[in-house]
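Contents: one structure, followed by commentary.
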Amino acid sequence: MTNFAVIGTSKITDAFIEAAKQDPRFNLVAVYSRHQTTAQAFADKHNIEHCFTDLALLASSNLIDAVYVASPNSFHAQQSITLLNAGKHVLCEKPVAINGIELSQMIAAAKANNVTFMEAMLVTFLPNYQQIKESVKALGKIRKYSASFCQLSSRYPAYLRGENPNTFNLNFGNGALMDIGIYPLYLAIDLFGLPTGITGQCCKLPTGVDGYGDVLLNYISPEKGDDQEGLQAHISYSKLSNGSNVCEIQGEKGYLMWQHSSLFNEVSLHLNDGSCQTLTLEQTDNRMTYELSHFIDLVESGQGESSVNSWQLSQQVLSVIEQARKQQGIIYPADQAAN
């Protein structure tokens, strides 16, 4: 049994708790919020015994083994480092940090204190994503990766009314790429590694964050120069519009297709001979179950780092995001503090 606390009281934390209940090793004992009324309301909602409004007290509590961090992005590094230094295992929501410097500090804290630390990127654990990874070899030489996550934000009407919700707030490290574009980007880096070229474009809102955008990754063989023998990956994302979110990997022998970068529904393999194979497996309704169970496996076996959502993978994804953001002119306060 692993005793958990949660940081954050939004819908994502609600979903995490419901998913975690599917694993009998998960025991939720505490919630943290900056405000007592918010913490107590969330505790009452989920029948949580203990409330904390002081992070230092949470970190020092003997009641807690591990913490799920789902606060705004700009708080991830500071909160996680405090917890890791206190000997707590940390499962931190994506994006795990604002930039690579923050993530390096988080990893160093995990190593120094011999605790488990993992980015909570759920898609890499989904059965249907594993189907795709296993079937890529049937496509022959890969030429194109095209994946999108376009979903109209429920907070967009508030933004249009002149409010500044967290979703579009620069100080919280938010925006379309960090929030949802990271899903198809994460998969591209997991499948194909770091690209040799990155191009990022976006619609920059007056608040300083991106409302929608595109990232183009080129994988050109250094030995073959600029003959375009490599792979090209196109990631499209938006919080200002909805899309079909159909994704593809195209190779010289066929293509793989699936529905949605974070859900992986209706996976199919289409070969050039005209054959089509449905690869879809049954998945839990709440997709967060898989990452939670994997994280508890790591804690119970004394492993600090996941072989799936490895620290290197998290670093590589952040490095691509940082390069794209630099081209797009998206600069967060944490970036300025790091320079």
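Throughout, read-outs are computed from the coordinates displayed, never taken from laboratory work. The structure presented is a predicted model; accordingly, all values stated were derived computationally and were not measured. A quick note on method: Cβ atoms are made from the backbone with ideal geometry, for glycine too, and the neighbour counts reach across all protein chains shown.
Observations on the model:
- Each residue, S10 and R34, gets one label point 7 Å from its Cα in the Cβ direction; the gap between the two is 1.3 nm.
- Ignoring lysines fewer than eight residues from K141 along the same chain, the ones with Cα atoms less than 29 angstrom from its Cα are K133, K224, K253.
- Over 19 Å [Cα-Cα, the range 127-278], rounded percent: 56 percent
- Sequence-ordered 3J(HN,Hα) estimates for the range 51-67 from the Karplus curve with 6.51, -1.76 and 1.60 and θ = phi - 60° stand at 10, 10, 10, 10, 4, 4, 5, 4, 4, 8, 6, 7, 6, 10, 9, 9, 9 Hz, glycine and proline given as x.
- Here the Karplus curve 6.51 cos²θ - 1.76 cosθ + 1.60, taken at θ = phi - 60°, turns the phi angles of the range 235-244 into couplings of 10, 10, 8, 7, 10, 10, 7, 8, x, 6 Hz, with x standing for Gly and Pro.
- In the chain the longest region clear of GluC sites (Glu not before Pro) that are loop-assigned by DSSP and have at most 13 other C-beta atoms within 10 Å covers 50-162.
- Candidate cross-link partners of K45 among the aspartates and glutamates, defined by an alpha-carbon separation under 16 Å and a same-chain spacing of 8 or more, comprise D14, E18.
- Cα centroids of the range 258-332 and the range 32-50: 31 Å apart.
- Extension gain from D44 to C276, taking 0.36 nm per residue of separation minus the Cα-Cα distance: 78.5 nm
- In this calculation the C-beta distance from I331 to L194 is compared with R0 = 22 Å, giving a FRET efficiency of 0.50.
- Amide H contacts under 5 Å for K94, placed H, 5+ residues apart: A120
- Here K204 is the anchor, and the aspartates and glutamates within straight C-alpha reach of less than 18 Å, apart from those fewer than 8 places off in the same chain, are E163, D179, D214, E322, D335.
- MRE, 222 nm, helices only [DSSP H, n ≥ 4, -39500 (n - 2.57), over the chain, to nearest 500]: -10000 deg cm²/dmol
- DSSP bridge orientation in the chain - percent antiparallel, rounded to nearest 5: 55 percent
- Taking 0.36 nm per residue of separation and subtracting the Cα-Cα distance, full extension of the segment from S244 to Q130 would add 38.8 nm.
- Taking amide hydrogens as placed 1.01 Å from N in the peptide plane, the amide H of D210 sits under 5 Å from those of A176, L177, L205, each at least 5 positions away in sequence or on another chain.
- Whole-Hz ³J(HN,Hα) from phi, Karplus 6.51 cos²θ - 1.76 cosθ + 1.60, for the range 73-87, glycine and proline x: 3, 5, 9, 4, 5, 4, 5, 5, 4, 4, 5, 4, 5, 8, x
- Options (i) 30, 59, 11, 0; (ii) 24, 34, 16, 11, 10, 3, 0; (iii) 23, 30, 17, 20, 10, 1 - which one matches P(r) over Cα pairs in 20 Å bins from 0, in percent as calculated here: (i)
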